[in-house]
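Heads up, the thing below is written out as structure tokens.
The values are calculated or read from the model by the stated rules, or taken from the named source; none is laboratory data. Values in this document were obtained by computation on a predicted structure and should not be read as measured data. All Cβ positions, even for glycine, are placed from backbone atoms using ideal geometry, and neighbour counts span all protein chains on display.
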Amino acid sequence: MTEPLLATRGLEYRYPGGIVALHDLDLTIERGRKLAVLGSNGSGKTTLLLHLNGTLRPARGEVLFDGRPAAYDHRAINAWRRRVGLVLQEPDDQLFAATVEQDVSFGPLNLGLSDLAARQRVDEALAALRIAHLASRATHALSFGQKKRAAIAGVLAMRPEILVLDEPTAGLDLHGVTHLLGALQQLHETGTTLVFSTHDVELAYSWADEVALFHDGTVLCQGETTTVLKDREMLQQARLRPPLLLELAQMLCEENGGGERQPLPRSRDALLAVLRRKLASPKDGGDECIDQPIIML
Ligand SMILES: Nc1ncnc2c1ncn2[C@@H]1O[C@H](COP(=O)(O)OP(=O)(O)OP(=O)(O)O)[C@@H](O)[C@H]1O
Ligand SMILES: [Mg+2]
């Protein structure tokens, strides 16, 4: 069996003052997956993500990289951060250079790439986030959504194997979310493993392959998205409720006799398409009922 790309075992972390932010935390990040770290405010998502690139070091337990315990010396941390890119919750905590272009080029130049190669990385990253037109703009003078995309571009320019994003869609409008998810989807399709934190069950349902459900500093369960998000008791424990899309999809499925094989729609458009078909021909149960959700971004 291949080792997970990144994992945590029995992680514990305390902030000064003895505040236990994480405890007994086991998490597995498999190569090529889109994993949602889902939990309510204060459940420990950010603290966990800061462990995934070595920014925080656990008081107990360990982070495993390719199945081996991660080391925390300078060289190891540098190598680690080349492979795991972390996008912080607040873009102002991430952006530091005067212009977008300077900010995004910092990582590649720091890797020792030539000016030309760094330039290519910057162009690529800006194009992926559709902010090429902002290249020469002052970072402090961007809107929140623009800052967010510039911060992600800076991490992308490092071409990380795993991209870890803390609340990537928070504060973005519909257009911003759609474009960001489109850009992340493209990265994912070219092999980047994605881990993102959110408290938004709808986002997790429509977009993640897998969900790690957080509560009170630990992972209550980790599994396939639909399986985890169907578990009402577990969600209640995490102070969350099932996604509306999933509830509606399940109702439709039951309406059709439950036993039939109907795909569970995992996007607003997919659900509306099923509803439209059903309304057009109510007697025709519509589609087969399977637990292979239709996903449309
Ligand atoms: N710098 C800090 N000092 C002390 N306690 C902290 C600090 N940062 C976070 N905490 C505490 O650690 C716990 C986990 O916080 P964390 O920020 O990881 O949660 P979160 O799930 O990311 O929350 P949110 O959804 O609000 O971003 C909380 O109880 C929080 O109050
Ligand atoms: Mg947070």
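Answer yes or no as to whether ALA117 is free of Cβ contacts under 8 Å to residues at least 40 places away in the same chain, more than 16 Å from ligand 1 (Cβ to nearest atom) and over 30 Å from LEU240 (Cα atoms).
Working: free of Cβ contacts under 8 Å to residues at least 40 places away in the same chain: yes; more than 16 Å from ligand 1 (Cβ to nearest atom): yes; over 30 Å from LEU240 (Cα atoms): yes.
Criteria met by ALA117.
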*asked:* I'm checking my understanding of the structure. Among residues of the stretch 14-37 that are near ligand 1 (Cβ under 10 Å from one of its atoms) and touching a Ser or Thr at 6+ places or on another chain (Cβ under 6 Å), which one is nearest to ALA238 (Cα to Cα)?
replied: VAL37
*asked:* For the stretch 128-137, which positions are part of a helix (DSSP H, G or I) and modelled with pLDDT under 95?
replied: ALA128
*Could you list all residues from the stretch 65-115 that are touching a Leu at 6+ places or on another chain (Cβ under 7 Å) and of a type in the set (Phe, Trp, Tyr)?*
PHE65
*Of the conditions (1) in contact (Cβ under 8 Å) with a residue 24 or more places away in the chain; (2) within 30 Å of GLU3 (Cα to Cα), ASP73 fails just one. Which one is it?*
(1)
*Could you check, for the stretch 129-147, whether at least one of its residues is away from ligand 1 (no atom under 16 Å from the Cβ), aliphatic (A, V, I, L, M) and within 30 Å of PRO4 (Cα to Cα)?*
yes
*Looking only at the stretch 156-178, count how many residues are more than 16 Å from ligand 1 (Cβ to nearest atom) and within 20 Å of ARG121 (Cβ to Cβ).*
8
_Condition check: within 16 Å of ligand 2 (Cβ to nearest atom) and within 30 Å of ARG14 (Cα to Cα). Does ALA208 satisfy that?_
no
*Within the stretch 138-154, is even one residue outside any helix (DSSP H, G or I), surrounded by fewer than 20 Cβ atoms within 10 Å (Cβ to Cβ) and in contact with a Ser or Thr (Cβ under 7 Å, 6 or more places away or on another chain)?*
yes
*asked:* Could you go through the stretch 181-188 and let me know if any residue there is closer than 19 Å to ILE29 by Cα, under 15 Å from the mean Cα position of the chain (by Cα) and within 16 Å of ligand 1 (Cβ to nearest atom).
replied: no
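The rows are residues; the columns are (1) buried (at least 21 other Cβ atoms within 10 Å of the Cβ); (2) at positive phi.
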position	(1), (2)
LEU6	yes, no
ARG9	no, no
TYR15	no, no
VAL20	no, no
HIS23	no, no
THR28	no, no
VAL37	yes, no
LEU48	yes, no
GLY61	no, yes
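Given the options LEU248, LEU220, LEU229, name the one that is over 30 Å from LEU126 (Cβ atoms), more than 16 Å from ligand 2 (Cβ to nearest atom), among the aliphatic types (A, V, I, L, M) and not assigned by TED's automatic domain parsing to the domain that holds PHE96. Don't jump to the end; show me each part of the working.
Working: LEU220 fails: not assigned by TED's automatic domain parsing to the domain that holds PHE96; LEU229 fails: not assigned by TED's automatic domain parsing to the domain that holds PHE96.
Of the residues listed, the single one that is over 30 Å from LEU126 (Cβ atoms), more than 16 Å from ligand 2 (Cβ to nearest atom), among the aliphatic types (A, V, I, L, M) and not assigned by TED's automatic domain parsing to the domain that holds PHE96 is LEU248.
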*For the stretch 168-267, which strands (runs of 3 or more DSSP E) that fit wholly inside it have 1 or more residues that are touching a His at 6+ places or on another chain (Cβ under 6 Å) and surrounded by 16 or more Cβ atoms within 10 Å (Cβ to Cβ)?*
193-198, 218-224
*Can you name the number of the only condition in (1) in contact (Cβ under 8 Å) with a residue 24 or more places away in the chain; (2) farther than 19 Å from SER197 by Cα; (3) more than 16 Å from ligand 1 (Cβ to nearest atom) that ALA59 fails?*
(3)
